[in-house]
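One structure coming up, written as structure tokens, with questions to follow.
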Amino acid sequence: MYKPGNFIPADLIINNWSDLKPYFDKLEKQNIETTEALEKMILHLSDILSIFAEQSARAYINMTCHTDNPDFVKTHETFATIISPEVEIASNTIQKKLAASPCFANLPAGRYSQLQKSIKRDLELFRKENVPLEAALSKLASQYGQLAGSLTVDLDGKTLTIPEASVFLESSDRERRKQAWLAIVESRFNKKTEHSEIFNQMVKLRHNIALNAGYKNFRDYQHDNLHRFDYTVNDVLKFHESIEKCILPLKIKIAKKHRNKLKLDKADYRPWDETGKPLGQPPLKPFVSAQELLDKTNKIFSKIRPEFGENIKTMEQNNLFDLDTRKAKAPGGYNYGLEVTGMPFIFMNAAGVHRDVITLMHEGGHAMHTFLTHDEPLIQYRHCPSEVAETASMSMELISSTHWDIFYNKQELVHARREHLEDIIGVFAWVATVDCFQHWIYTHPEHTPAERDEAFLKIINRFSTGLVNWEGYEPYRKNLWQRQLHIFEAPFYYIEYAIAQLGALQVYRNYIKEPDAAIQAYIRGLSLGHTKPIAEVWGAMNISFDFSEKTIKDLMDFAQEEIARLDN
Ligand SMILES: [Zn+2]
């Protein structure tokens, strides 16, 4: 396992920026006239960043596990709002120094080309005049967060949050899911103007950031800013087309089958029916306690690969799980790699439902990835782009599904696996809708809110099954984009999920054919971390990084066969 060297003490306690600053100052004074010295500086920067990242992670973990502890909340805030921005500025200064060295271009290419690319890109895009615009955007993002988080609905005389109310969308009681659906869309629609006003300002700021950096529009700027070195804007547009042509037809088939199961006529399949469970299909109850969930997960991971089970055990021995839901815990789930400990922490809110199983398999995939990269000395290479990181986690969902008999009887297992696959197919169209809509927004920066809604309607129609009767609820449909946090807070960060899912489906197809070989390839690829371009990492995983119709069509044929096999 990687350990930081002597440049900075591994047990340094960071309470404030002044604890860390001396190491950046020392680093800045280093002489880098030889390639060797330059390599040392890169390593030392990584050591400082690793120690900072571990403590910043611990602060975040403590806060999310105990949101009612004022000390934890305050420490996290100090890291997020005071120390972190300083670290960013100081790293930028060091990066500039690295790039300005005459030896920078001559670093051994096999080892450093990925790092060179990203440092160069960051420096190319950096504009001082954009710093206040970025700050204004992050303020707007927290305004959106507060607004979206404050939405509630009244159901059965109780006030519920949107995630709480969403549970009823899966109900097999039609009236119940209709009430929940209506309450949710109305609650959002009531705040439409507020949402729109925040977003109008965001579009303006983002457009100006792009112009300042010498770009024609924010779409092209953000593509570069997100370090998408391995595909172009045009590739993404082609991917939208492939989704429409090769994946949507399968989604239509699945929706028709679902409509039949609900015993609804053609005109009677309504927006609240799409997520409904058929009558007589009771909800799955995979476990009772978080400990049971963990023990069973350990068994599954050991079956997939004994060392994966060992990793889970080591995490458990080191208290690196907080799984059960309770009061004063933040919502959601995550895997957080600890850069010095060399192990990850998994957080989630398990309540005994099937979704929790998928969440832990997903985060467990990220966790195995953390273990597989922990020998890498450079933090920049331990962190992978989401296209790769999410391939690790989404593959684990699918691979593990072949072992879910540990949670379920035969019939439940079939239901769970089939619905998981159907959900995966269904999500592609929504990802394409969200992405395509953002392409339109930022290539038409002068649009009005009404034009924006019309554009969304056109795009959602392009990727929809055409089976749902929206009569009487059209205004809510045009407003659906406002539920997607990424559009507000992380522009263009979304298509990665669809890309990673293409990878995951290929890993799963390999696993079904030859489990051992597929897991060996999974390990081989993920162990590369970020040292190689995505196509090479995927190549090592024995899967191909391309969005061509042929690849996608083959994959959909496979998915269809799998679903048919589970249907029988
Ligand atoms: Zn993930």
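Note down the net charge around S464, summing +1 for each Lys or Arg and -1 for each Asp or Glu among other residues with Cβ under 12 Å from its Cβ.
+2
Multiplying the sequence separation of K3 and K327 by 0.36 nm and subtracting their Cα-Cα distance, what value in nm do you get?
Computed gain between K3 and K327 is 113.0 nm.
Between helix 410-443 and the chain, what is the angle of the helix's C-alpha long axis to the longest principal axis, kept within 0 to 90° and rounded to the nearest 10?
The angle comes out at about 70 degrees.
Between N409 and A351, what's the calculated FRET efficiency when r is the beta-carbon distance and R0 is 30 Å? Round to 0.05.
According to the calculation, E is roughly 0.90.
Please identify the GluC sites (Glu not before Pro) of segment 71-153 that satisfy two criteria: DSSP loop assignment and at most 16 other Cβ atoms within 10 Å. Which are they?
E129
Also: On a 0 to 90 degree scale, rounded to 10, what angle separates helix 386-401 from the longest Cα axis of the chain?
Taking the Cα atoms of the chain, the angle to 386-401 is about 50 degrees.
So, in nm, how far is label N62 from label K158 when the simple model puts each one 7 Å beyond its Cα toward the Cβ?
3.4 nm
How far apart, in nanometres, would the label points at Q317 and N31 be if each is projected 7 angstrom from Cα along the Cα-to-Cβ direction?
In this crude label model, Q317 to N31 measures out at 4.6 nm.
How much length is gained on full extension from E88 to D295, taking 0.36 nm per residue of separation minus their Cα-Cα distance?
Extra length from E88 to D295 when fully extended: 70.5 nm.
A follow-up question, please. For the peptides 496-503, 357-364, 238-245, what is the packing order when you average, over each peptide's residues, the other Cβ atoms within 10 Å and list the highest mean first?
Order by mean packing, descending: 357-364, 496-503, 238-245.
Let me ask something else about it. Using the Karplus curve 6.51 cos²θ - 1.76 cosθ + 1.60 with θ = phi - 60°, what ³J(HN,Hα) values do you get for each residue of segment 461-472, in whole Hz, with x for Gly and Pro?
Running phi through 6.51 cos²θ - 1.76 cosθ + 1.60 with θ = phi - 60° gives 5, 4, 9, 9, 6, x, 9, 8, 8, 9, 3, x Hz.
When Lys and Arg each count +1 and Asp and Glu each count -1, what net charge do the other residues less than 12 Å away from S400, Cβ to Cβ, add up to?
Charge balance near S400 sits at +2.
Okay, moving on. Which whole-number percentage describes the relative contact order of the chain, with Cα contacts under 8 Å and a sequence gap of 6 or more?
Computed value for the chain: 18 percent relative contact order.
What spacing in nm lies between the two simple spin-label points modelled at S196 and N212, each 7 Å away from Cα in the Cβ direction?
Label-label distance for S196 and N212, simple model: 2.8 nm.
Distance check, please: which entries in K238/K478; K3/K329; K216/K550; K253/K296 exceed 29 angstrom between their Cα atoms?
Long pairs (Cα-Cα over 29 Å): K3/K329; K216/K550; K253/K296.
Once the other residues with Cβ under 12 Å from the Cβ of V288 are scored (Lys, Arg +1; Asp, Glu -1), what is the net sum?
Charge balance near V288 sits at -2.
Measure out, as a whole number of angstrom, how far apart the alpha-carbon centroids of segment 350-372 and segment 37-60 sit.
For segment 350-372 versus segment 37-60, the Cα centre distance is 27 Å.
Can you work out the PRE-style zone for S544? Point 7 Å along Cα to Cβ, and I want the residues of segment 486-518 with backbone N under 19 Å.
499-514, 518
Something else: Here is the link list: K21/K128; K245/K277; K192/K277. Which ones come out longer than 23 Å on Cα distance?
Distance filter (> 23 Å) returns K245/K277; K192/K277.
Mind listing P(r) for segment 17-126? All alpha-carbon pairs, 5 Å bins, whole percents.
2, 11, 20, 19, 16, 12, 9, 6, 3, 1, 0
How far is helix 192-212 tilted, in degrees, relative to the longest principal axis of the Cα atoms in the chain, given as a value from 0 to 90 rounded to the nearest 10?
40 degrees
Every number in this text was worked out from the coordinates using simple rules, so none of it is lab data. Given the structure is predicted, the values throughout are model-derived calculations rather than measurements. Glycine also receives a Cβ, built like all others from the backbone with ideal geometry; neighbour counts cover every protein chain displayed.
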